[in-house]
């Protein structure tokens, strides 16, 4: 599997470094974002803020502007807050400890272990949906065969000496070969040991047999996510420090819905908010 990765792994920009801060940035960017798009944004980000301290001292508005196009803007705030925490509590050095990493804003079990393996060479398994599918199929013929704690034990147990390459290899095999619906078992380097590839597949449990939830037929433009994205985009486009009016409808969302979204985003730290006689106004946070 490592040999397959050496020959076929995705050549993403952020894989050229083991710097803990750079890896932290890449992991938070790559959550729910196409890897190639995250890699492009990562290069610009590191060029602008090459160290933890540089990011910690950056204005929040600049951080949110730089995150444009990556979606889920709360991750930008979490990364900014993580940098501040690292400076305040760890002397500006990313901690080489899974427990301490999990205590950072925006860093959960997966991200902490991915960082520990890639940046510090620790033999711990980073388990995301792709890794769960690959290891579950190999060991049991089914991606959901193990409870989370059992899967973590398995993932930790199989990490070889080159933990960083192994972490990347599992991610890439899951993303490009061991796909959820159409796995390419004939091309997979793990096929000879894989129970799924051999046809040794357990009977799906009740959860797997349950009717699939129907996807919403609503157009994306009618969702709160779309509205929040447009609200933040308008604030990003404004001149630095300028208040932006939000007293009118946006798309299919009436003025009340816009106002509620602005208020919620301000409570999360994504915006600064003030009411006026003509309706709410907001801008990107001005503090560092």
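Any read-out appearing in this document is the output of simple, stated calculations on the displayed coordinates, not a laboratory observation. Quick caveat: nothing in here was measured; it's all calculated off a predicted structure. For neighbour counting, all protein chains shown are included, and Cβ atoms are generated from backbone atoms with ideal geometry for every residue, glycine included.
For the residues 252, 240, 26, a GNM of the chain with alpha-carbon springs under 10 Å puts the largest fluctuation on 252.
Here the contact order of region 2-120, divided by its residue count and restricted to Cα pairs under 8 Å and six or more residues apart, works out to 28 percent. From the Kirkwood radius over Cα pairs of region 106-186, Stokes-Einstein at 4 °C and 1.567 mPa s returns a whole-number translational diffusion coefficient of 103 µm²/s.
If R0 is 30 Å, the Cβ-Cβ spacing of residue 263 and residue 90 corresponds to a FRET efficiency of close to 0.30.
Over the C-alpha trace of region 88-146, radius of gyration and Dmax come out as 13.9, 46 angstrom.
With a Förster radius of 51 Å applied to the C-beta separation of residue 147 and residue 286, the computed FRET efficiency comes to 0.65. Shape descriptor for region 220-283: Rg over Rh equals 0.92 (Cα atoms; Rh from the Kirkwood inverse mean 1/r).
When you restrict to C-alpha pairs under 8 Å that are six or more residues apart and normalise by the size of the chain, the relative contact order lands at 17 percent.
Using only Cα atoms, what Kirkwood radius does the chain have, in angstroms? Mind dumping the intermediate values first?
Values: mean 1/r = 0.0474 Å⁻¹.
About 21.1 Å, per the Kirkwood formula over Cα pairs.
Normalising the Debye intensity of region 1-149 to I(0), with uniform scatterers on Cα atoms only, and taking log10 at q = 0.18 Å⁻¹ returns -1.11. Remark: the residue 18-residue 198 segment gains 61.2 nm on full extension, using 0.36 nm per residue and subtracting the alpha carbon distance.
The residue 242 and residue 36 beta-carbon pair, evaluated with R₀ = 45 Å, returns a calculated FRET efficiency of approximately 0.85.
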